[in-house]
Amino acid sequence: MTAAPRRLSFASQLIVFWLLVAVMCAVLIGLVWFMAQANLGRQISVARQQGLAGCETIGSRYDLSIDRTAEPIAAPRAGQPAAAAPAAQPASPNGPNTDLMHAILDIVLAQMDGVEGGFWRPDGAPRGSFDAYAFPTYQGSGIKRDIPDAETPLILRTLRAASTTRAAASEFVEGQQDAVIVTACPVPHRDGLFAWTLSRVHPPLGPSGKALVTTLAVLLAVIVGIAIALGVLLRRWRANLARIEASLSRPADLFMPIAPTGEPDLDKIVHAFNVYGARATSLQQQAGDLHTQLAAAERFAAIGRFSAQMAHEIRNPIGAMRLKAENALNGDTERKQRALGAILEQIQRVERQLSGLLALTQPVRIDAHAVDLRSWLAERMEWHQDAAARAGIALALECAEGLPAQACFDAEQLARAIDNLILNALRHTQSGGHVTLRAARPAAALRIEVTDDGPGVPHAERERIFEPFVTGHAAGSGLGLAVVREIAAAHGGRAFYEARERGACFVIEIPWRTS
């Protein structure tokens, strides 16, 4: 029979389910966060490249728009305003051409949506000098010309980094709503003049992206909390179930009600069990009373059957002896002798009945010793060869292959049992039939079979065939098979009837002993 596959308990299944849900939520939040960060980083990289390209374009156009042979741009004196120069004219010695700067910024940045920028000079002031600024794609009214105050520190930090390294520099700051990228680069052939651009990158999930991720994290925390709470509840459930199981595992001799657990669902089971236990206890008490009454009735019935059987078994020989004695009183000497012989025969019959009864009432004492098994079996066959020959029945002995030479048992008691079985088989087998004595050793047992090809035992009598006074032969006492059962039980084994298609088979199985 195939064993049923083991399954997790209900509590374990719930725990696994909630852990899987929590892990999936954590993985989902991690993926969303990773995608957001990866997309933001990519957008920042693209914005940096775009800002650097725009910054270099502004610087190169300004350099190409003025005369390279002009003198270097001189920083204005402190407090002196920068002088305006006409577009496409060389810079005046007093300062840069701001009109040209604004024109270039307007043209270049107009093609870069959301990008603003300007020109800057480190003139010794804390903030330096912002010569020009423009935001052509500003969504307000017109071109924006005032530098954003909130981003000014980032702009100055980037410009000073470019001024220090005299190379392009880029910085960014990630805020709650967007990321600000500032790029600065020196203007070719104009010492001390730098162009800069500023652009903004919005998170890929929109303004509420971080709020969404935060909400997902809170949901995860709630799920984990629910899982923990569920774990606590399941632990309490398992403890109550263990207590119920321990209560159910107590010996069933005395019913003890189970105390309530405090869990409504479990208490329903506890209540149902207590009701069932109380009812079972009441029924058990009633059954005990009925069993006592039945046992008393069976004892009286057994005594009645026994008395009837004994009266029948003894009355017949006594009646026969009485008749023979009456005939002997009126007969001659020869007739008296025949009568006395018949009387002695009936007395022996009564003695056999009483001996059988004594064998059943007294315990069988076993004196086990080593026995030459094959010789012992052959001896039992010799005892019954004459009776079998007179009845015209073939008596055979079979020893299974591999049967050991010696075994340990009470040879005298077991011989009584085998003799009873052989005699029983000879009585129920017709002339020309066969009776076989067979010995084998299956596993750790000695098995002795007596089989015949007679009519067999009727199905209705097979359950009672080993009971006293149950016989299927008119000349039988009904005690032989009962003695066989007692001898087999005394050896720690059993005697039973094994059904065959034809004939009868009586088996004695006792544990195999070597010493």
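The values are calculated or read from the model by the stated rules, or taken from the named source; none is laboratory data. Since the structure is predicted, the reported quantities are computational estimates derived from the model, not experimental observations. Neighbour counts are summed over all protein chains in view; Cβ atoms, including those assigned to glycine, are modelled from backbone coordinates with ideal geometry.
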> Does at least one position in the range 250-269 carry a residue that is at pLDDT 80 or above and of a type in the set (S, T, N, Q)?
Replying inline: no
>> Looking at the range 123-178 only, could you name the residues that are farther than 18 Å from C55 by Cα, among the small types (G, A, S) and in contact (Cβ under 8 Å) with a residue 12 or more places away in the chain?
In response: G124, A125, G128
>> Among the residues in the range 430-450, are any farther than 20 Å from A488 by Cα, without any contact (Cβ under 8 Å) to a residue 60 or more places away in the chain, among the β-branched types (V, I, T) and touching an Asp or Glu at 6+ places or on another chain (Cβ under 7 Å)?
In response: yes
>> Given the criteria of a type in the set (D, E, K, R) and modelled with pLDDT of 75 or more, does R68 qualify?
In response: no
> Out of all the residues in the range 112-130, which are buried (at least 19 other Cβ atoms within 10 Å of the Cβ), closer than 16 Å to A162 by Cα and hydrophobic (A, V, I, L, M, F, W, C)?
Replying inline: F119, W120
> With A405, A394 as the choices, which residue is of a type in the set (G, A, S), at pLDDT below 90 and surrounded by fewer than 18 Cβ atoms within 10 Å (Cβ to Cβ)?
Replying inline: A405
